[in-house]
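One structure below.
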Amino acid sequence: MTREFVEIKPEQITDNTFKLIGSDWMLITAGTLDAYNTMTASWGGLGVLWNKNVCFCFVRPTRYTYGFMEKADTFTLSFFDEDYRDALRFCGSHSGRDVDKAAKTGLTPAQSGNGSVYFNEARMVIECRKLYFQDIDPANFLDPGIEKNYSQKDYHRMYIGEIVRCLQKK
């Protein structure tokens, strides 16, 4: 039986965001049903900035999702129950250039009223409108140990998105 989504306010999210993002992981998705890509991520956060509820996430320019993030005005963060860990691993280790991730994992893409793509199997979806981006500049690293995350020198682009809609499974 498929559970229905209900819309909640961002303030009603009760998950521990450190666990939600850092341990449970998420899918960042951008594009339309006709042309989208998704990738697994474990870096980001939720908070308040510029008097708006926001999320921030990071995408390397070498990732296929990067081009979709650049073109789209919106993106989604989809969060799943532990049963979907293998699907998240697959989406994080395979490129959408080479494989249809939804078909390979059994995830069902859906489109919001704003045109954003998310997945029906998610337990929670956060839909965001892009507000800002900034490329990570290694000249600004105050801790030299951060550089070990960039052996390929492929520094992330950070996106800040205003949370425009939160969906949670009943």
Exercise for the section: Restrict the check to the stretch 150-160 and report whether at least one residue is in contact with a Ser or Thr (Cβ under 9 Å, 6 or more places away or on another chain) and touching a residue at least 40 places away in the same chain (Cβ under 8 Å). Expected result: yes
Handout entry: Residue list for the stretch 46-75, restricted to those being in contact (Cβ under 8 Å) with a residue 12 or more places away in the chain and at positive phi
Key = W50
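Mind checking which residues of the stretch 133-157 are touching a strand residue (DSSP E or B) at 6+ places or on another chain (Cβ under 6 Å) and more than 16 Å from I28 (Cα to Cα)?
Taking the stretch 133-157 first, the residues touching a strand residue (DSSP E or B) at 6+ places or on another chain (Cβ under 6 Å) are 133-135, 156-157.
Matches in the stretch 133-157: Q134, D135.
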Handout entry: Selected residue [touching a Phe, Trp or Tyr at 6+ places or on another chain (Cβ under 7 Å) and closer than 19 Å to P10 by Cα] from G44, G96
Key = G44
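Taken together, the values in this text are just the output of simple stated rules run on the coordinates, not laboratory data. This is a predicted model, so every value here is computed, not measured. With ideal geometry, Cβ positions are generated from the backbone for all residues, glycine too; neighbour counts draw on all protein chains shown.
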